[in-house]
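Colleague: Just dropping this structure here.
The values are calculated or read from the model by the stated rules, or taken from the named source; none is laboratory data. In this text, all values refer to a predicted model and were calculated from it rather than measured experimentally. Here the Cβ positions follow ideal geometry from the backbone for every residue, glycine too, while neighbour counts run over all protein chains shown. Ligands, DNA and RNA are excluded from the accessible area calculation, which covers all protein heavy atoms including side chains. Shrake-Rupley method; radii C 1.70, N 1.55, O 1.52, S 1.80 Å.
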Amino acid sequence: MQPMGNDKPANVPGRPVLPSPAAPRPSTPFISSGPVVGLGTSGVPQTAAPFLSSGPITGMQMSNYRSSPPPIRYNGPSSPPPPTSYPGQDATTYQQTQAPRFPPPAQPGTPLRVPPPVGLPVTPPMGSLHPQLQIPSVPMGPPPQTAAQSSSRSYMPPPVSESSFSAPRPPPQPSLHGYSNMLPGGNMPPSPAETQFLAPRSVSQPASQQAFPAFHVPPVHASPYHVHQGGVVPPPLPPLGGPLGYNSRGQMQYPSTGPPMGGNLQGLVEEFQSLSVGSAPGSLDHGVDAKSLPRPLNGDEEPIKIQETYPLNCHPRFFRLTTHAIPSSQSLLARWHLPLGAVVHPLAEVPDGEEVPIVNFGPAGVIRCRRCRTYVNPYVTFMDAGRKWRCNLCSLLNDVPGEYYCALDASGRRCDIDQRPELSKGSVEFVAPTEYMVRPPMPPLYFFLIDVSISAVRCGLFEIVAKTIKSCLDELPGFPRTQIGFLTFDSTLHFHNLKSSLTQPQMLVVADLDDIFLPLPDDLLVNLSDSRHVVDALLDILPSMFQDNANVESALGPALKAAFMVMSQLGGKLLVFQSTLPSLGVGRLRLRGDDLRIYGTDKEHTLRVPEDPFYKQMAAEFTKNQISVDIYAFSEKYTDIASLGSLAKYTGGQVYHLPSFQAATHQEKLRYELARDLTRETAWESVMRIRCGKGVRFSTYHGHFMLRSTDLLALPAVDCDKAFAMQLSLEDTLMTTQIVYFQVALLYTSSSGERRIRVHTAAAPVVADLGEMYHQADTGAIISLLSRLAIENTQSHKLEDARQLMQLKLVKSLKEYRNLYVMQHRLGGRLIFPESLKFLPLYVLSLCKSVALRGGYADAPLDERCAAGYNMMILPIRRMLKLLYPGLYKIDENLIKGPEYSEKSSKQLALSAQSLDPRALYIYDDGFSFIIWLGRMLSPDLVNGILGLDVSGFPDLSKLALLEHDNEYSRKLMRILKRLREKDPSCFQLCRVVRQGEQPREGSLLLSNLIEDQTAGTSSYVDWILQVYRQSQSS
Amino acid sequence: MAWQLVLWLYAFASVISLIALNAYQLINLSDLEFDYINPYDLSSRINAVVIPEFLVQGILCASFLLTWHWFPFLIMAPITYYHINLFLNRRHLIDVTEIFRLLNGEKKYRIIKLAIYFSIFVIVIYRLVMSAVLLLMDEDDGSLESGIF
């Protein structure tokens, strides 16, 4: 299919991109009109090169073009021709016209349009594109051609650029004409879809014409928003009426072009889409309709469209850029006020059937670039008849090892490309040979450090922990090599000898906290399969062993040192169960954080950073010895999570904070999360590095890890629940390449004892146009990175400052966007934002109201704040967005009417008290907990059925554990909860019940989390939008 | 006048050692940047010399003050203040966990310090030579006088 021979090496990278499947893909042909734009905008002159080379291609592509059904898709959204009438239009009109087009963004087709050409070094499509334009143009004579060119340029992909509006004004009609005619020249048979499409359009036309004058009067505000929402339930036809403004154009067309209209439309559509998608301005005025504001009621939408443009990229679940368009210059980057970077989730769980393929190179060794050490990936190009390959990151020509040699076919592709996942898939896993080991792969190792002081005894912790561990013993990964050990401590350290020849474990007490020593050289850490019976015996007696312990002290510091001594040879996972403030020995902490006066001063942040350097040093030592620390903290009183959490932060661990732990209510959560922690697939002693092409560099990293060198993340243990974020910076003032490649490589030891390298490769285009950056922006990644920056900011600044910084970034970015488009659209009284960032203001607001960042002293207990901060540092994007905009579902009808009703009613509601109806029952799900809200006027039967007790006595619901009772309501509710939990298996959502009007629990559990409402000191969503709008307008 | 010479000789030695310690730290930091050493080695190497540097610098500064050499003292005073501040906030040691984030800042501080040390070095050399020459001249004068008379 790829006609272009290997004569042009540069094309080769493109080759994989457009393998045979590409031909049928509509995208390529389609791009033709769009891409030109891309080229123009990206600063690449519309060179003849692609043109020339693709001479032959053209034909092919064209044919595709004609025959391929895909264009239909485009038509759908389509309609509007170039904006002849724009000048006359009021902004609102514009919007209205846009409204219809919202659906298109949802369509996969959209992405195709713009980016591909830009990205591919020299792609056939481009070539085809040019020819298309030009060939037809020739007959038409010069004028059309130029017109076409100008129009294409002006219809820059994302935005309606200024030029599109002003420049084309005089020529537009002819030019468009020419253009439209041109395309038809291609003799596109109008496909059925197109014709359909046309029909409504023409019908709508008269109306629109009439509307046109009328629209000079400013129309209803906020209508666009409706449209946004409409996007969810897209009204396909009504929008067609939309292109009001364009009608004059339409008029001309219709008469002139009969049959070719389809093609005509298509060309126009092309431009139009770029208009709509790119600039998608929303408008707001005072008196905004709260209902019409954009809300992410569908959760996170992964930018899968990128996969279509770059099919060789890894799936976005592994790697997401904050904008899939790298700015070409420092000055452009300076105008992009949002963070530029990526969120990496190297071990993200994949659905069945999409597992990352494992590749073993055998004796050839892992194929890597000599100079930059990049792993072989789909974007490398083979040349010299397959004897050499060119690295896509540094362009160095490498030799292909003899064992890996394969001949190239006529188009320069390797013949065995289909058998080699590393050359056809963006994510692969290499089996690493011995050069990648500094020592034999370690066995999975779990060491439990359990605080047995009186507070732990009181809350009934041991029984649950011991039982859970025991139940997980069979499922611990890495059988039969798994190692296990236990250490309990209060004011002394209790070592447990688990030697396999013993029948009962021996406890050895060390009371000297200043000079820790190990009472036994080994046997404190034993092979689980050998000593299974001893471990079982220990777990059986553990709960009873300490049940009468009245010791109030907790010597965590010395215990950590002891654990370090035990584990330092092997590394592994250290689970710390801490239920009180460490009070003895090194690392003792003091009560702080209850000092009200420190809030609002410059010292405020000291409460959120580790107080004692001991913990950081310990963490550094742990990481050095491949030990990862998970902290389980249970105390209702202050335990200085800020200090304890730093152990997890620098060792790739996680903080589980279960304040006021009560066995009765919390046991299920602890059991589930501990079991998941122990049994999920874990990558041991790993390091991660992200390489990127010339000109860009990852400058800062955010998450739980330790940097071992400037770009090497040391991760003693990493699993599917942890994501990392990083910021990009440009090294040169001007980028010379057209595409930037990124490669994430995670070298780890699997539980089975195999050394593996997981490699994710992605490509992103370099653009010279800010609008394109906005167009390709990814709200999820931006928010994820932004939140991590904000959390880190709170560790050196006041909370208020961190919030303001975020708001400032939001406002600046919107202002910049506004400056791009507002002038020629005359959108004076509107807030405009790109379609891709429509949820950004809401998420930023929500971030400001999140537990980690909200309010001041009284708004969240310090420990919870810190724990939330530590959590947000590792959350993958999807869970982060869920946390920021939790689901609120009305389920009483489900309970009453049965599951068949569920589809309809389980629609997510806006997070506002207005959504709450006192006659209904709601469930609030933020991914970490469920809150069931019982309306005041809910039928008592239902309530009693669910709770299993008579609610008229106003029982204390805070102690209530929601269990399944023997009635239909309860069973249905449990089924619903189960289904919701299955959606997010990484955490157990503890379910709490709250009744309407039950203060203060209702306020703290639910009302303060309804982020669209105004609460003390924070603004409501509407106010926030107005505030942001005002700030973005003031210059 | 001999005590002057002793003072300047002492200052000379101190400043040389300060410059050496600082350069050592800087070299280590840039080694880290280029991945020649790991952060653990870096922090143990640098942290070993931080306190000695503070002591040497503090004593030198104090001796300038006590001997009422206000100009060199004023040059040294900001560094002393900075050191005391760091020490009181317990931020004087390299934090191995955050070193990469702080790397540029740490380097900048050390370069500034190095620049100040060099400027004081020039002064010290000048005063050292001055006092040595003066001393010699005094003696020479004396000997001359004695020779003459």
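Colleague: Write out, first by first residue and then by second, each pair whose Cβ atoms fall under 7 Å of each other, whose residues are 6+ apart or on separate chains, and whose first residue, in region A:568-589, is open to solvent by less than 10 Å² (accessible area, probe 1.4 Å) while the second is basic (Lys, Arg) and at pLDDT below 90.
Modeller: Filtered contacts from region A:568-589: A:Pro582/A:Arg588.
Colleague: Answer yes if at least one residue in region A:593-609 is crowded, with 21+ Cβ neighbours inside 10 Å, touching a Lys or Arg at 6+ places or on another chain (Cβ under 7 Å) and within 14 Å of another protein chain (Cβ to nearest Cβ), and no otherwise.
Modeller: no
Colleague: Out of the residues in region B:104-132 that are more than 18 Å from the chain's Cα centre (by Cα) and at pLDDT 90 or above, state the one that is surrounded by the fewest Cβ atoms within 10 Å (Cβ to Cβ).
Modeller: B:Gly105
Colleague: When you go through (1) within 14 Å of chain B (Cβ to nearest Cβ); (2) open to solvent by 10 Å² or more (accessible area, probe 1.4 Å); (3) in contact with a strand residue (DSSP E or B) (Cβ under 7 Å, 6 or more places away or on another chain); (4) over 21 Å from A:Ile782 (Cα atoms) one by one for A:Thr710, which number turns out not to apply?
Modeller: All conditions pass for A:Thr710, except number (3).
Colleague: Looking at A:Leu538, A:Leu476, which one is in contact with a strand residue (DSSP E or B) (Cβ under 7 Å, 6 or more places away or on another chain) and free of Cβ contacts under 8 Å to residues at least 60 places away in the same chain?
Modeller: A:Leu538
Colleague: Please specify each residue of region B:86-97 satisfying the condition of being more than 16 Å from B:Arg45 (Cβ to Cβ) and either at the interface with another protein chain (Cβ under 8 Å from one of its Cβ atoms) or not in a loop (DSSP other than H, G, I, E, B) (or both).
Modeller: Once the filter is applied, which keeps residues that are more than 16 Å from B:Arg45 (Cβ to Cβ) and either at the interface with another protein chain (Cβ under 8 Å from one of its Cβ atoms) or not in a loop (DSSP other than H, G, I, E, B) (or both), region B:86-97 yields B:Leu86, B:Phe87, B:Leu88, B:Arg90, B:Thr97.
Colleague: Go through region A:340-367 and give me each residue that's among the charged types (D, E, K, R) and either open to solvent by less than 40 Å² (accessible area, probe 1.4 Å) or touching a residue at least 12 places away in the same chain (Cβ under 8 Å) (or both).
Modeller: Those that are among the charged types (D, E, K, R) and either open to solvent by less than 40 Å² (accessible area, probe 1.4 Å) or touching a residue at least 12 places away in the same chain (Cβ under 8 Å) (or both): A:Glu349, A:Glu354.
Colleague: Failed condition for B:Ala132, given (1) touching a residue at least 40 places away in the same chain (Cβ under 8 Å); (2) farther than 25 Å from B:Leu32 by Cα; (3) within 14 Å of chain A (Cβ to nearest Cβ), with all others met?
Modeller: (3)
Colleague: Taking A:Val509 and the conditions (1) in a loop (DSSP other than H, G, I, E, B); (2) farther than 15 Å from A:Val534 by Cβ, which numbered condition does it fall short on, given that it satisfies the others?
Modeller: Unmet for A:Val509, out of (1) in a loop (DSSP other than H, G, I, E, B); (2) farther than 15 Å from A:Val534 by Cβ: (1).
Colleague: Residue by residue through region A:436-464, note down the ones that are in contact with a strand residue (DSSP E or B) (Cβ under 6 Å, 6 or more places away or on another chain) and either closer than 30 Å to A:Arg755 by Cβ or free of Cβ contacts under 8 Å to residues at least 40 places away in the same chain (or both).
Modeller: Of everything in region A:436-464, those that are in contact with a strand residue (DSSP E or B) (Cβ under 6 Å, 6 or more places away or on another chain) and either closer than 30 Å to A:Arg755 by Cβ or free of Cβ contacts under 8 Å to residues at least 40 places away in the same chain (or both) turn out to be A:Tyr436, A:Met437, A:Pro441, A:Met442, A:Pro443, A:Leu445, A:Tyr446, A:Phe447, A:Phe448, A:Leu449.
Colleague: Right, next: As an exercise: evaluate B:Asn104 against (1) within 14 Å of chain A (Cβ to nearest Cβ); (2) touching a helix residue (DSSP H, G or I) at 6+ places or on another chain (Cβ under 7 Å) and give the number of the one condition it does not meet.
Modeller: Going through the list (1) within 14 Å of chain A (Cβ to nearest Cβ); (2) touching a helix residue (DSSP H, G or I) at 6+ places or on another chain (Cβ under 7 Å), B:Asn104 breaks only (2).
Colleague: How many of the residues in region B:44-72 are within 14 Å of another protein chain (Cβ to nearest Cβ) and open to solvent by 10 Å² or more (accessible area, probe 1.4 Å)?
Modeller: 2
Colleague: Moving on. Inspect all residues belonging to region B:110-119 and state whether any of them is assigned to a helix (DSSP H, G or I), more than 13 Å from every other protein chain (Cβ to nearest Cβ) and over 21 Å from B:Ala20 (Cβ atoms).
Modeller: No: region B:110-119 contains no residue that is assigned to a helix (DSSP H, G or I), more than 13 Å from every other protein chain (Cβ to nearest Cβ) and over 21 Å from B:Ala20 (Cβ atoms).
Colleague: Only residues that are in a loop (DSSP other than H, G, I, E, B) and within 23 Å of A:Ser686 (Cα to Cα): list them for region A:314-353, please.
Modeller: A:Cys314, A:His315, A:Pro316, A:Arg317, A:Phe318, A:His345, A:Pro346, A:Leu347, A:Ala348, A:Glu349, A:Val350, listed by residue number.
Colleague: Considering each of A:Ala852, A:Ala860 in turn, give the residue that is farther than 13 Å from A:Ile791 by Cα, open to solvent by less than 10 Å² (accessible area, probe 1.4 Å) and among the hydrophobic types (A, V, I, L, M, F, W, C). Break it down into steps so the answer makes sense when it comes.
Modeller: On the way: A:Ala852 fails: farther than 13 Å from A:Ile791 by Cα.
Unique residue meeting the criteria: A:Ala860.
Colleague: Another question about this same structure. Among all residue pairs at least 6 apart or on different chains, which show Cβ distances below 9 Å where the first residue, located in region A:653-677, is closer than 21 Å to A:Val993 by Cα and the second is open to solvent by less than 60 Å² (accessible area, probe 1.4 Å) and acidic (Asp, Glu)?
Modeller: These pairs meet every condition: A:His657/A:Asp863; A:Leu658/A:Glu673; A:Pro659/A:Asp863.
Colleague: Let me ask something else about it. For region B:2-10, state whether one or more residues are surrounded by fewer than 15 Cβ atoms within 10 Å (Cβ to Cβ), of a type in the set (Gly, Ala, Ser) and away from chain A (no Cβ under 14 Å).
Modeller: Yes, because at least one residue in region B:2-10 is surrounded by fewer than 15 Cβ atoms within 10 Å (Cβ to Cβ), of a type in the set (Gly, Ala, Ser) and away from chain A (no Cβ under 14 Å).
Colleague: Filter region A:580-633 down to the residues that are modelled with pLDDT under 90 and under 20 Å from A:Asn871 (Cβ atoms) and list them by number.
Modeller: Of everything in region A:580-633, those that are modelled with pLDDT under 90 and under 20 Å from A:Asn871 (Cβ atoms) turn out to be A:Gly593, A:His605, A:Leu607, A:Arg608, A:Val609, A:Pro610.
Colleague: For region A:377-389, what are the residues that are open to solvent by 20 Å² or more (accessible area, probe 1.4 Å) and in a loop (DSSP other than H, G, I, E, B)?
Modeller: A:Arg387
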